[in-house]
Amino acid sequence: MESHRGVISVDYSQFYVMEEPDSDFDVPQVDRDFASGKPVLVTPGEITICSKVQWHYAPVTLCSASVGVESPPIADEWVHLDSVEYRPVYRGAMRVFGCTTGPATPEVRLELSPNRTYTVHVYAKGREDAHARWDEYLANDVSADDDEDTDDDDDEYGEVDNFHEQVFEEYLIAFVPLGYQESPQPAERPWRRQP
């Protein structure tokens, strides 16, 4: 099993596992159906994961599993959010990306075969009480702001910020080959110079 792990800055309660766009391909733009209330939304070239928390840092692992594995073995504290079908629409280079915050750190990538289709299993840890822990963190953070600054405060901001270390949710996203498709092909561009 191949796996890659990083931390994504979740914003607007969402982040993406997306294929690297390629302007040589014509891919339809489809709006995400947030009104559905589903935690995992699939649109061409992108899987949107919806968080229970507005803004936070979340560890994310992308992995690929063998064809014979229906879903990867997972510890009890992980909750299965959804399983969706994904069809590559470009060249199959997936990465974790924030909607306004850019790529995960370190960058999390997974190479898919563009001639395959995949079942994508999405798991989360900490999600069931993430919003309550977020509210508690904010309440404690506001209380801390009311206290006087100490000598060990951060020089630039005047306070020590441990927000980056707070883990409200963690995600595991596993791609399992499902079937085959014709590899996506670049669009015909009549103005392109032929070799």
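Values quoted throughout were computed directly from the atomic coordinates according to the rules given, and no laboratory measurement underlies them. For clarity, every value in this text was computed on a predicted model and none was experimentally measured. Backbone-built Cβ (ideal geometry, glycine too); neighbour counts: all protein chains shown.
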Inset, instruction - Give the order of TYR171, TYR137, TYR180, TYR16 when sorted by the count of other beta carbons within 10 angstrom, beginning with the fewest. - result: TYR180, TYR137, TYR16, TYR171
Legend entry - Student exercise, the stretch 1-101 dipole from Lys, Arg, Asp, Glu Cβ charges, in Debye to nearest 20: 220
Legend entry - Under the Karplus curve 6.51 cos²θ - 1.76 cosθ + 1.60, θ = phi - 60°, whole-Hz ³J(HN,Hα) for the stretch 133-140, x wherever Gly or Pro sits: 5, 4, 4, 5, 4, 4, 4, 5
Inset, instruction - Per residue of the stretch 169-182, in order, report the coupling 6.51 cos²θ - 1.76 cosθ + 1.60 (Karplus, θ = phi - 60°) as ³J(HN,Hα) in whole Hz, putting x for Gly and Pro. - result: 9, 9, 10, 10, 10, 10, 9, 10, x, 10, x, 10, 9, 6
Inset, instruction - Assign one of three labels to the stretch 1-63, namely rounded, prolate or oblate, based on the Cα gyration tensor with a ≥ b ≥ c the square roots of its eigenvalues; rounded applies when a/c is under 1.5, prolate when it is not and a/b is larger than b/c, and oblate otherwise. - result: oblate
Legend entry - Burial ordering of GLU170, GLU107, GLU182, fewest other beta-carbon atoms within 10 Å first: GLU182, GLU107, GLU170
Legend entry - Fewest-first sequence of LYS125, LYS38 by Cβ atoms within 10 Å of each Cβ: LYS38, LYS125
Inset, instruction - Enumerate the amide H contacts of THR43 below 5 Å, restricted to partners 5 or more residues apart or on another chain; note that Pro and chain-start residues carry no placed amide H. - result: THR48
Legend entry - Sparse-neighbourhood loop sites, chymotrypsin sites (Phe, Trp or Tyr not before Pro) in the stretch 25-111 - DSSP loop, at most 12 other Cβ within 10 angstrom: none
